[in-house]
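The values are calculated or read from the model by the stated rules, or taken from the named source; none is laboratory data. Since the structure is predicted, the reported quantities are computational estimates derived from the model, not experimental observations. Note: ideal-geometry Cβ built from the backbone for every residue, glycine included; neighbour counts use all protein chains shown. Surface accessibility is based on the protein's heavy atoms, side chains included, excluding ligands, DNA and RNA. Shrake-Rupley method; radii C 1.70, N 1.55, O 1.52, S 1.80 Å.
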Amino acid sequence: MKQRLHLIALGATVLLPLLVFSSAMVFLFDRQQQDQIERMLSQVARTLSDSVERQLSNHVSSLEALATSIHLDTGNLADFSIEAQRLLDSRPEFMSMRLRRAADAALLVALFPRDLQDNTPLDQLPPPAAQEQIREVVSSKRPTVSDLHQIPGGRAVHIGGRAGDA
């Protein structure tokens with residue numbers, strides 16, 4: 001009996017540090033794996049964020065260049081439409097472009113990709129909430145991307161006019 005008790009005590013003495021060591025290693029490995037996954041997710045999120053930021057900057061730059069067109073200053077909407085159509089055709093993710101008069105939000109130019117031109121209805125006045133957004137765009141005197149709608153096949157992108165546009 002004494003020998004059995006001594007054997008159990010010896011086994012517990014040997015196994016207890018092994019159990020503690022194993023538990024500590026499992027905890028450390030788990031923590032290390034969690035840290036690696038967190039770093040990887042953080043890096044993926046940063047990469048995706050940078051990609052989205054680059055795309056938005058690219059689109060905003062293109063729309064700003066279009067909004068500063070001399071054809072808007074001279075009121076030549078036909079030539080402006082040609083420039084805008086080129087931009088629209090070069091951006092497959094753009095669903096449409098619309099230019100509205102600052103004073104009354106009347107639709108001056110509505111452009112659609114060439115493959116959608118026959119199927120897209122033209123609305124003359126936007127809803128009141130959109131009219132308020134148009135007023136904010138006009139008061140800021142800056143090009144604006146607005147009304148990003150997720151619809152099957154793409155997104156609608158509208159540009160706001162500048163104060164004084166005809």
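Available extension along the chain between Leu5 and Ser69 is 13.6 nm, counting 0.36 nm per residue and deducting the alpha carbon span. Per-residue SASA remark: Asp89, around 70 Å² accessible (1.4 Å probe; ligands, DNA and RNA not included).
Suppose accessible area is computed on protein heavy atoms with a 1.4 Å probe; arrange Met40, Met1 from highest to lowest.
Working: Met40 105, Met1 185 Å².
From most exposed to least exposed: Met1, Met40.
Rolling a 1.4 Å probe over the protein heavy atoms of the stretch 47-105, with every protein chain left in place, gives an accessible area that is 55 percent carbon and sulfur. Extension gain, Ser57-Ser22: 0.36 nm per intervening residue step, less the Cα-Cα distance, totals 7.4 nm.
Per-residue counts of other Cβ atoms within 10 Å, averaged by peptide: what ranking do you get for 96-105, 28-37, 79-88, highest first? Mind dumping the intermediate values first?
Values: 96-105: 19.0, 28-37: 10.0, 79-88: 17.1.
Those peptides, ordered most packed to least, come out 96-105, 79-88, 28-37.
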